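What follows draws every value from the coordinates through simple rules; no lab data is involved. Predicted model only: the values in this text are computed from it and were never measured. Ideal geometry is used to build each Cβ from the backbone, glycine not excepted, and the neighbour counts take in all protein chains shown.
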Amino acid sequence: MHSRHALSFVLLLAMALLLPACGSDSTAPPAVDRLRVTGVAANNPARTQLLVDFNVAVDATSAGNAANYAVADQNSAATIAVNTATVVGPANTSVQLDLASALLDGSVYDVEVTGVTTAEGGAIDDRNNTFAVGGSYSIIDTWAGTGANAASPDGTVLLNAEFAIPMDVSFAPNGTPYIIDWNNHRILEVRNDRVYSIIGTGTLGNAPEGPALDAGLNHPTNIAFDPQGRLIMSAWHNSKIMRYDPTTLELTRICGLEGISVNGNRCYGGDNGPGIEACLDLPSAAAFDSDGYLYIADQKNTRIRRLSPVNGEITDTNSTGDLSEIITVVGTGEDGYNGDGVGTDVRLHAPGGQAAAPVSKLVVNGDYVYFADSQNHLVRRYSMTTNMVETVAGGGAGLNPQTNTPLQGWTGDGGPATDATLFFPADVAFDSAGNLYIADTNNSSVRKVDTAGIITTFAGQGRANPDISDTEVLDGGLPTRAWLRQPYGVAVDGDDNVYITDTYNNRIRIIRK
């Protein structure tokens, strides 16, 4: 859907072992912890460049000492000549190498750096660094947003767009992206790399039925698409699920009470009756299964509810007078944790009230509904065939003795996801291969659970930088070196590119396959 960077390739795998130091200085300086490769022009061999970005402390007295570099292709054992002599400067210096020939996409190379000394004569950096050219998921960029907390007019290009605490991005069946501009109370459609409002006036309202651009909203949180391709919006603070018809450009209520207040009618009720007579409390997300059933994360009610289709679609009524029926499939309505088991016997834990965070989002994958049990710091799944709930990520540190709920943390990378810890996960998504991505919100990271159940950190440093600046966002580098700030959304497009809603940086980031 989105073109890959044709001229930008990045380090996948960095750093071999530091060779022993020599000279009188027996204390090794800080090791290089990042090697970033950018600007490799494979279509322009005469001007191929390799940008090597070192995080290494260099004494002022040694700054300017010459270094020797060699670039070797592991596939052919050939050495690519370096045309330009280079020097090492102060800490965090970027060293640019002009190469005599192009680096090949898909090849693996070694960069050897030698000859840099401290004032005492000890080696500062004498190591072989390995990188791959053109590797999947090896670079993070900003896809949309300047970082400013504001509202952009229609027609603003993505990179110049301004959002107010964006919450998520979703993709229609035809690939069109939609952005939930949460604190601007609107839904944006992306056309020709520009943003356009399609739902919401930008001011608070009670999400009435009728023309979508005339409807005031109160913090929409999630978008899904029904089997007919129509947009389904979780009007979170309005406690309603609304349908947007792209033909009529109008909103229709399909679940939740009408309400006359901008804060909606928040309560629990209506099971075994029609969805439009059911009462929700902060519905944070909704998703359809292949049979047309709609699953709703009823956040404050700590339940997952299911709305049945009538003649193939969710509707308030049809020609025979039938009504779509809602039931609870997960949750007792009591906050807390009591382990896995039968869906309606399992307790969930999520924040509620006017100042609650919009979390507990869900996604359907095959015969399962995967959901973030946010305040239990877990990701769990509900089986449509057995009605059982089981944990798929988090909980590895055991239970808090005071609350008897799972402990939070940022641990477990490289091992089973159920041995790991999460911290207030908000959202989940899948790629086409079946890998699970988790917006590990309060860890300011995105975690990945592969099809073997092994968890790794996919993006972010596991902590937020509270004073982040444009230069510290670290676009163009490794995803695990980037700063994120409480990402509340993660999504995957039809090309398996991963989008991270970097919520409190007011950006949407992309990691291309």
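Just add up the charged neighbours of Ala393: K/R +1, D/E -1, any other residue whose Cβ is under 15 Å from the Cβ of Ala393. Walk me through the numbers on the way to the answer.
Numbers: positive: Lys361, Arg380, Arg381, Arg447, Lys448; negative: Asp340, Asp373, Glu390, Asp413, Asp419, Asp427, Asp440, Asp450.
So the environment of Ala393 carries a net charge of -3.
Annotation: amide H of Leu378 within the under-5 Å range of Asp373, sequence separation 5 or more or interchain, hydrogens built in the peptide plane. For Asp475 and Glu277, what is the calculated FRET efficiency with R₀ set at 60 Å and r taken between the beta-carbons, to the nearest 0.05? About 0.80, to the nearest 0.05. For the pair the range 445-462 / the range 298-369, the C-alpha centres are spaced 26 Å from each other.
A Förster radius of 25 Å, combined with the Cβ-Cβ distance separating Ile327 from Ala397, puts the computed FRET efficiency at roughly 0.15. A simple spin-label model places the labels of Leu159 and Thr247 3.9 nm from each other, with each point 7 Å out along Cα-to-Cβ. In terms of overall dimensions, the range 142-260 has a Cα radius of gyration and Dmax of 13.2, 39 angstrom. How much net charge surrounds Ser284 when only other residues with a Cβ under 14 Å from its Cβ are counted (Lys, Arg +1; Asp, Glu -1)? So the surrounding residues net to +1.
Between Asn263 and Ala355, the contour length at 0.36 nm per residue exceeds the alpha carbon distance by 31.9 nm.
Measuring from label point to label point, each 7 Å out along Cα→Cβ, what is the Glu209 to Thr411 span in nm? So the two model labels end up 5.3 nm from each other.
In plain terms, the chain from Ser290 to Thr451 could stretch by 55.8 nm, reckoned as 0.36 nm per residue minus the Cα-Cα distance. Distance between the C-alpha centres of the range 183-248 and the range 381-405: 33 Å, rounded to the whole angstrom. Over 24 Å apart: what share of the alpha carbon pairs of the range 295-437 falls there, rounded to a whole percent? The answer is 33 percent, as a whole percent.
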